[in-house]
Structures are given as structure tokens and as C-alpha cells.
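What follows is calculated from the coordinates using simple rules that are stated; it is not laboratory data. Computed from a prediction, not measured in an experiment: that's the story for all the values here. We place every Cβ from the backbone using ideal geometry, glycine too, and count neighbours over all the protein chains shown.
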Amino acid sequence: QVQLVESGGGLVQAGGSLRLSCAASGSIFSINDMGWYRQAPGKKRDLVATVTSGGSTDYADSVKGRFLISRDNAKNTVYLQMNSLKPDDTAVYYCNAKVVLSTTFRFNDYWGRGTQVTVSS
């Protein structure tokens, strides 16, 4: 019903930057919160950043001042600009969207498949 497709991951040296994108498509009436989560090997999935439809943002303490989340509501797309990357940022990054479906007008929670970010020291 709804697909989230992430792009922009890769390998970067410590101190470098990457920009992740996630586009939502399908039976979308509206999207409330969109966000990014990450999961390192052997660890649980953690919040990185979220943004509401109105543009309010929230960040994990570990990325404040380095990462910037934004969204384009017309394109149903959320972005994550990651600067000053550290080896500890290495993880699979997952996009999340809280969608009101155009078919049922009910909320559903959707996840992308993830994109690998690797930061070398």
C-alpha cells in the first residue's frame, strides 16, 4: 500500500558528510511524522531524528548539532543531512513514516528497507 525507498548511504571517512533521502509512495492521504532510525550490529534500533508535517524536529542527543532532518511535503520525501560523521554513526539507517492511508483513512506505520552508512576512522 505504501512504499518507502531510501537512498544516499555509503562509505565515508570520519569527518565527512552524507545525505540520505527517503521517498514515500502509494495509497497516501497524508503523512504525519517522518523520521530516521538506525541499527548497529548487535544493537537495537534507535531514533536518530524525526520531523512533523509542520516542520518541528527532534534529535537524538548523539547527533544534535551534526545532523539535520528536513522534508518536502509535496514530494512525500524526508532527508537527513549528516555532517561531521563519526565511526559510531556506522549503522543501517531506516526511514519511518506515519501515514494516513487514502483507502481507509487509518494510520499505519511504515518502514523502509534500510540503507547502510559506514564511517571509517
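Cross-link partners for Lys64 among the lysines, with Cα-Cα distance under 17 Å and sequence neighbours closer than 8 places in the same chain left out: Lys86.
For Met82, the shell of other residues with beta-carbons less than 11 Å away shows a net charge of +3, using +1 for Lys and Arg and -1 for Asp and Glu. Taking other residues whose beta carbon is less than 12 angstrom from the beta carbon of Asp58, and scoring Lys, Arg as +1 and Asp, Glu as -1, yields -1. Over all alpha-carbon pairs in the chain, figure out the percentage whose distance exceeds 22 Å. Taking all Cα-Cα pairs of the chain, the fraction more than 22 Å apart is 30 percent. Here Lys43 is the anchor, and the aspartates and glutamates within straight C-alpha reach of less than 14 Å, apart from those fewer than 8 places off in the same chain, are Asp88, Asp89.
Each label point was placed 7 Å from the Cα along the Cα-to-Cβ direction; for Thr52 and Asn83 their separation is 2.6 nm.
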